Amino acid sequence: MKTRNGVNGSLTRYVDGYVLPVPRNRLQIYARMALKAGKIWREHGALEYRECAGDDLKVKGMTSFPRRINLVFSWIVFKSRKHLACFSQLEGSCHDVNAD
């Protein structure tokens, strides 16, 4: 998903995100792994790495997850789609990949 730059409204960043279920009793273990992963992403040139865990997912009229499950939403911000492609290969650093 491309995002807009707040300065001039041009599409300047690329965001890759995912949602996954994590057992509530494993959330701290997942959080430690996510901290390590975020550091690696940024070392290789990602602009941002974020993780969020849902804590109030019971919505009236919607199918909810079992109470033992937390949903985690994670996203990584890249300079461009080309920059993201560099990460899929992870051959060294992606710092020097030019934006599209």
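The values are calculated or read from the model by the stated rules, or taken from the named source; none is laboratory data. This one's a predicted model, so the numbers in the text were calculated from it and none came from an experiment. All Cβ positions, even for glycine, are placed from backbone atoms using ideal geometry, and neighbour counts span all protein chains on display.
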Handout entry: S64 being over 14 Å from the mean Cα position of the chain (by Cα), at pLDDT below 70 and not basic (K, R)
Key = yes
Practice task
With the checklist (1) modelled with pLDDT under 90; (2) surrounded by 11 or more Cβ atoms within 10 Å (Cβ to Cβ); (3) not polar (S, T, N, Q); (4) not in a loop (DSSP other than H, G, I, E, B) in hand, flag the one item V72 doesn't pass.
Solution key: (1)
Exercise for the section: Could you tell me which residue of the range 23-61 is surrounded by the fewest Cβ atoms within 10 Å (Cβ to Cβ), considering only residues that are within 15 Å of the chain's Cα centre (by Cα) and in a strand (DSSP E or B)? Expected result: C52
